[in-house]
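Novice: Below: one structure in structure tokens.
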Amino acid sequence: MAVLTIQDAKAILAKYPLKGKIKSFVPYGEGHINFTFLLTLTNQAQETGYILQVINNHVFPSVSHLMSNYVKVSEYCQQQIKKEKGNPDRETINVIFTKNHQSYLKYQNKYIRILKYIDHTITLQIVKNPSDFYHGAIAFANFYRFLNRFNANQLYEIIPNFHNTQKRYNDFLKAVRQDNKKRKRTCKKEINFINARKHYYDIIIKMLKKKELPLRVTHNDTKLNNVLFDQKTHLPVAVIDLDTIMPGSLCYDFGDAIRSGCNSASEDEKNLNKVHFRFDLYKLFLKGFVETLGKNITKKEKETLAISSIIMTIECGMRFLTDYLNGDKYFHIKYSNHNLIRCRTQLKLVSEMEKNLAKMKSLVK
Ligand code: ADP
Ligand code: GN1
Ligand code: MG
């Protein structure tokens, strides 16, 4: 059953100062965390789209903290975009407030938010045209430029240790030990692969602790489909999905973008013969990212980008496998071993990145 019906949408809409009748209300996008709908209203023959999301309260236990970050960051980006004579209504997230001036609404037992729909845009699940990925790199790098002077002390740490790979590994070991769903026997090869790579897991954390890498305001979910591209020009329009904005490392964001964008197939491709690490795309992303950041990236950060790509990819693989072992409580799934399939693509990418690591490192120089 759908999480929300059109009747629910009507009841929710009554709490918002939005005019018009519902023309359509349909599930939208490919996010793994929230339930996202496109809501289209008609008012005197004019159609306006809105994104309505059911916020995942299991993943984000404090919706008020989440929305506080979300509003602060999006409003700050709007100001920066205005200063640069861009369009703040389109080039970042705009939260619609309720009649009671709230950024979200509790409806039945669900938390809802409504955003302006950024129309005439697309998201990419796989890179087909390399220049799109290059532009994606510029979009993320510009996002840090916007947030360069944003005071990180205003932000709540929404999911503590989100990219603490060592902690993720400990959670994974616990899931293997407990084997609640008796699925361990179906993924021994994957478990061994992850266990054989313990040496990666504390690299970034240690560098952050020693202050070799600076702590910055980072996005933390730089999956390619969190960038909206113009339908016609394919130029990036906005970086979206501001749920995990927290203090973190630029290396997390770079690595996560490489994990998602340098895959020749989709994240849940079942045929692993189709899954390859695309070094050509890595090169392009690195160029766009480092060139746009200019002086805003340190030498040590640059040197850590290549290994970060491996770390973020294996971290994602182990998160998928942890969820598979725990019974699919975190990521939305479409079939019973969906998380295992996703884990396998990530591990295949890791093994190919490992073969390319020397080349990846030397590019930065
Ligand atoms: P999730 O955390 O579930 O990934 P997102 O905020 O990324 O949630 O939204 C899921 C998808 O919905 C995005 O990948 C994108 O396709 C679409 N989307 C989200 N916000 C907007 C928006 N303001 N305008 C247009 N599309 C959007
Ligand atoms: C989730 O929300 P979405 O679909 O953009 C997840 C990311 C993972 C990604 C894997 C809050 O991203 O951390 O890397 O799935 N987001 C959260 O596809 O856990
Ligand atoms: Mg998303």
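Novice: Considering (1) over 20 Å from residue 353 (Cβ atoms); (2) away from ligand 3 (no atom under 16 Å from the Cβ); (3) of a type outside the set (Phe, Trp, Tyr); (4) touching a residue at least 40 places away in the same chain (Cβ under 8 Å), say which one residue 275 fails and leave the rest.
Specialist: Unmet for residue 275, out of (1) over 20 Å from residue 353 (Cβ atoms); (2) away from ligand 3 (no atom under 16 Å from the Cβ); (3) of a type outside the set (Phe, Trp, Tyr); (4) touching a residue at least 40 places away in the same chain (Cβ under 8 Å): (1).
Results for (1) surrounded by fewer than 18 Cβ atoms within 10 Å (Cβ to Cβ); (2) part of a loop (DSSP other than H, G, I, E, B); (3) within 16 Å of ligand 1 (Cβ to nearest atom), shown as yes or no for each residue.
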site	(1), (2), (3)
212	yes, yes, no
253	no, no, yes
258	no, no, no
280	yes, no, no
318	no, no, no
323	no, no, yes
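Novice: Looking at (1) in contact with a Pro (Cβ under 8 Å, 6 or more places away or on another chain); (2) more than 26 Å from residue 333 (Cα to Cα); (3) aliphatic (A, V, I, L, M), which is the only condition residue 2 fails?
Specialist: With (1) in contact with a Pro (Cβ under 8 Å, 6 or more places away or on another chain); (2) more than 26 Å from residue 333 (Cα to Cα); (3) aliphatic (A, V, I, L, M) applied to residue 2, the lone miss is (2).
Novice: May I pose another question? Take segment 169-189 and flag every residue that is closer than 9 Å to residue 325 by Cβ and in a loop (DSSP other than H, G, I, E, B).
Specialist: 179, 180, 181, 183, 187
Novice: How about segment 214-229: which of its residues are in a helix (DSSP H, G or I) and touching a Leu at 6+ places or on another chain (Cβ under 7 Å)?
Specialist: Within segment 214-229, 224, 225 meet the criteria.
Novice: Out of 350, 364, I need the residue that is surrounded by 13 or more Cβ atoms within 10 Å (Cβ to Cβ) and within 18 Å of residue 266 (Cα to Cα). Which one?
Specialist: 350
Novice: Out of all the residues in segment 128-135, is one or more in contact with a Phe, Trp or Tyr (Cβ under 9 Å, 6 or more places away or on another chain) and small (Gly, Ala, Ser)?
Specialist: No - not one qualifying residue is present in segment 128-135.
Novice: Now, a different point. Could you list, ordered by first residue, the pairs with Cβ atoms under 8 Å in which the first is in segment 212-229 and at positive phi and the second is near ligand 3 (Cβ under 10 Å from one of its atoms) and among the polar types (S, T, N, Q), at least 6 apart or interchain?
Specialist: Here the result reads 220/244, each pair linking segment 212-229 to a residue that is near ligand 3 (Cβ under 10 Å from one of its atoms) and among the polar types (S, T, N, Q).
Novice: Right, something else. Go through segment 75-94 and give me each residue that's buried (at least 17 other Cβ atoms within 10 Å of the Cβ) and either in contact (Cβ under 8 Å) with a residue 24 or more places away in the chain or among the hydroxyl-bearing types (Ser, Thr, Tyr) (or both).
Specialist: Hits for segment 75-94 are 76, 77, 80, 81, 90, 91, 92, 93.
Novice: Of the residues 114, 81, 51, only one is in a strand (DSSP E or B), away from ligand 3 (no atom under 16 Å from the Cβ) and either within 15 Å of residue 240 (Cα to Cα) or modelled with pLDDT under 95 (or both); which?
Specialist: Within the list 114, 81, 51, the selection yields 114.
Novice: Let me ask another. Please name all residue pairs, on different chains or six or more residues apart, with Cβ atoms under 8 Å, provided the first residue is in segment 19-33 and is of a type in the set (S, T, N, Q) and the second residue is outside any loop (DSSP other than H, G, I, E, B).
Specialist: If the second residue must be outside any loop (DSSP other than H, G, I, E, B), the pairs left are 24/38; 24/39; 24/40.
Novice: A follow-up question, please. Go through (1) within 16 Å of ligand 1 (Cβ to nearest atom); (2) touching a strand residue (DSSP E or B) at 6+ places or on another chain (Cβ under 8 Å) and name the single condition residue 31 misses.
Specialist: For residue 31, the failing item is (2).
Novice: Sticking with this one: From 145, 113, grab the single residue that is among the basic types (Lys, Arg) and surrounded by 20 or more Cβ atoms within 10 Å (Cβ to Cβ).
Specialist: The conditions single out 113.
Novice: Give the residues of segment 117-130 that are more than 11 Å from residue 224 (Cα to Cα) and assigned to a loop (DSSP other than H, G, I, E, B), sorted by residue number.
Specialist: 117, 118, 119, 120, 128, 129 - these are the residues of segment 117-130 that are more than 11 Å from residue 224 (Cα to Cα) and assigned to a loop (DSSP other than H, G, I, E, B).
Novice: Return the only residue of 181, 287, 189 being surrounded by fewer than 16 Cβ atoms within 10 Å (Cβ to Cβ) and closer than 30 Å to residue 149 by Cβ.
Specialist: Of the residues listed, the single one that is surrounded by fewer than 16 Cβ atoms within 10 Å (Cβ to Cβ) and closer than 30 Å to residue 149 by Cβ is 287.
Novice: Now, a different point. With the requirement that a residue be outside any loop (DSSP other than H, G, I, E, B) and either within 11 Å of ligand 3 (Cβ to nearest atom) or more than 21 Å from residue 241 (Cα to Cα) (or both), what does segment 30-47 give you?
Specialist: 36, 41, 42, 43, 46, 47
Novice: Moving to a separate point now. Within segment 54-72, take every residue that is within 15 Å of ligand 3 (Cβ to nearest atom) and more than 17 Å from residue 3 (Cα to Cα) and give me the one that is surrounded by the fewest Cβ atoms within 10 Å (Cβ to Cβ).
Specialist: So, considering only residues that are within 15 Å of ligand 3 (Cβ to nearest atom) and more than 17 Å from residue 3 (Cα to Cα), the one surrounded by the fewest Cβ atoms within 10 Å (Cβ to Cβ) is 60.
The values are calculated or read from the model by the stated rules, or taken from the named source; none is laboratory data. Everything numeric in this text was worked out from a predicted model, so none of it was measured. As a convention, Cβ positions derive from the backbone with ideal geometry for all residues, glycine included, and neighbour counts pool all protein chains shown.
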